[in-house]
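Following: one structure in structure tokens, then a few remarks.
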């Protein structure tokens with residue numbers, strides 16, 4: 001079971017090569033989807049030319065049927081109504097796709113990110129009651145390098161199995177020392 005830590009800033013190569021940025025959001029009363037991992041994909045592999053978003057829960061298990069937004073200027077418009085407890089980035093235009101049973105969704109790129117220019121795609125989870133970190137400036141590099149993003153659901157009041165196990169081990173250590 002892997003223990004994930006939220007990213008506060010994107011790795012330098014994503015800032016330089018993509019001109020990308022991470023915009024953390026304030027959790028709603030329900031929680032937040034945090035960006036916990038970002039990786040390049042091989043330009044010659046299947047995931048080159050793609051933005052892949054993986055959504056996992058507090059324990060690292062895939063979460064199916066979660067709407068992920070791939071926002072760009074010519075995407076379809078969507079509405080934000082009173083159900084929304086947070087505000088996604090403007091303008092409200094995105095391809096919104098549900099994660100599969102494996103908790104992931106792919107967005108195939110048609111155009112490339114030119115060196116020194118930001119990519120034109122912004123990626124975030126579009127749940128009305130749970131806020132999401134936002135990654136702006138994504139896209140495919142000229143060599144067809146794509147990106148894999150992992151968002152972790154962090155619900156308020158939910159303690160992960162890894163944290164529970166660590167607490168149990170700490171109690172056992174104290175008992176053994178007594």
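Are any residues in the range 140-157 more than 23 Å from residue 10 (Cα to Cα) and modelled with pLDDT under 80, and if so, which ones? Before the answer, list the steps.
So in the range 140-157, the residues more than 23 Å from residue 10 (Cα to Cα) come out as 156-157.
The answer is none; no residue qualifies.
Do we have residue 51 as surrounded by 17 or more Cβ atoms within 10 Å (Cβ to Cβ) and within 30 Å of residue 166 (Cβ to Cβ) here?
no
Can you tell me how many residues in the range 127-139 are in a loop (DSSP other than H, G, I, E, B), closer than 28 Å to residue 43 by Cα and at pLDDT 95 or above?
The number of residues fulfilling the criteria is 1.
How about the range 140-178: which of its residues are in a strand (DSSP E or B) and within 16 Å of residue 62 (Cα to Cα)?
Restricting attention to the range 140-178, the residues satisfying the condition of being in a strand (DSSP E or B) are 140-141, 146-155.
Matches in the range 140-178: 148, 149, 150, 151, 152, 153, 154, 155.
Quick one: count up the residues across the range 54-82 that are surrounded by 16 or more Cβ atoms within 10 Å (Cβ to Cβ) and outside any loop (DSSP other than H, G, I, E, B).
Qualifying residue count for the region: 8.
Among the residues of the range 14-24, what is the count of those that are more than 16 Å from the chain's Cα centre (by Cα), within 18 Å of residue 109 (Cβ to Cβ) and not in a loop (DSSP other than H, G, I, E, B)?
Within the range 14-24, residues that are more than 16 Å from the chain's Cα centre (by Cα), within 18 Å of residue 109 (Cβ to Cβ) and not in a loop (DSSP other than H, G, I, E, B) number 1.
State which residue pairs qualify: first residue on the phi < 0 side of the Ramachandran plot and surrounded by 15 or more Cβ atoms within 10 Å (Cβ to Cβ) and inside the range 12-24, second residue part of a loop (DSSP other than H, G, I, E, B) and modelled with pLDDT under 85 in any location, beta carbons under 6 Å apart, and separation of 6 or more residues or different chains.
Partner pairs satisfying both residue conditions: 18/119.
Name the residues in the range 25-48 that are buried (at least 18 other Cβ atoms within 10 Å of the Cβ) and not in a loop (DSSP other than H, G, I, E, B), would you?
Those that are buried (at least 18 other Cβ atoms within 10 Å of the Cβ) and not in a loop (DSSP other than H, G, I, E, B): 31, 32, 33, 34, 35, 36, 38, 41.
Count, please, the residues in the range 152-164 that happen to be surrounded by 11 or more Cβ atoms within 10 Å (Cβ to Cβ) and farther than 15 Å from residue 4 by Cα.
Result for the range 152-164: 1.
The values are calculated or read from the model by the stated rules, or taken from the named source; none is laboratory data. Model, not experiment: these values are computed from the prediction. Here the Cβ is made from the backbone with ideal geometry for all residues, glycine too, and neighbour counts use every protein chain on show.
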